[in-house]
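Bear in mind that the values in this text are calculations on the coordinates, not laboratory data. Just so we're clear, the structure is a prediction, and the values are computed from it rather than from any experiment. Neighbour counts run over all protein chains shown; Cβ positions are idealised from the backbone, glycine included.
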Amino acid sequence: MKNKVKKSLIIDAANEKIIFKIIDKNKTYTNEYENSRKNFDKFALLLFKFLDKKMVSFNIIEKVLVNLGPGKYSSIRTSISTLKALSLIYKFNIYGFSSKDVENNGYSRVFELFKKGKLIKKLIKPLYMS
């Protein structure tokens, strides 16, 4: 890997698009995919492809911030279960945020909430739309 500085990753699969966003000091890298059955079935492959393209490994991911909803049931469950499995291997922390925290894709608000200690570390109760 080119850079060993710890990075943050945001994953939002609760709405119409699956969004992966890497935060690295003053830079951000984002990729979006249609939130469809086809794409959430290959969620892990899309995530690894995105990280590989940006030359980032889970070994240098310090924390992952994931949208817990409300939103699409299957997409939220897929993103959470994938991240929980990967966190067992790569030992990064996972924090949950709400769809309401990112109105108009304002992911900077998510980091403000993280810095204030207001994000959920235990991903027990995702909020699904019925």
**Fill in**
The simple spin-label model distance between Thr30 and Lys84, using points 7 Å out along Cα→Cβ, in nm, is 2.9 nm
**Prompt:** Which percentage, to the nearest 5, of the DSSP beta bridges contained in the chain is antiparallel?
**Reply:** 55 percent
**Asked** For the chain, what class follows from the C-alpha gyration tensor (a ≥ b ≥ c being the square roots of its eigenvalues): rounded when a/c is under 1.5, otherwise prolate if a/b is larger than b/c, else oblate?
**Response** rounded
**Fill in**
Summing +1 per Lys or Arg and -1 per Asp or Glu among the other residues with Cβ less than 13 Å from Phe48's Cβ gives +3
**Prompt:** If each of Arg37 and Lys116 carries a label point 7 Å out from its Cα toward its Cβ, how far apart are those two points in nm?
**Reply:** 4.0 nm
**Request:** Quick one, could you list the DSSP H helices from the chain stretching 18 Å or more along their long axis (Cα atoms) with average Kyte-Doolittle hydropathy of 0.5 or above?
**Result:** 73-90
**the range 63-94-the range 1-49 distance, computed between alpha-carbon centres (Å)** = 11 Å
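Set the Förster distance to 30 Å, then compute FRET efficiency between Lys100 and Lys54 from the Cβ-Cβ distance, nearest 0.05.
Calculated transfer efficiency: 0.60.
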**Request:** Over the alpha-carbon set of the range 24-79, divide Rg by the Kirkwood Rh and report the Rg/Rh ratio to two decimals.
**Result:** 0.97
**Request:** Taking 7 Å along the Cα-to-C-beta vector as the label spot, tell me the Glu16-Tyr73 distance in nanometres, rounded to one decimal.
**Result:** 2.2 nm
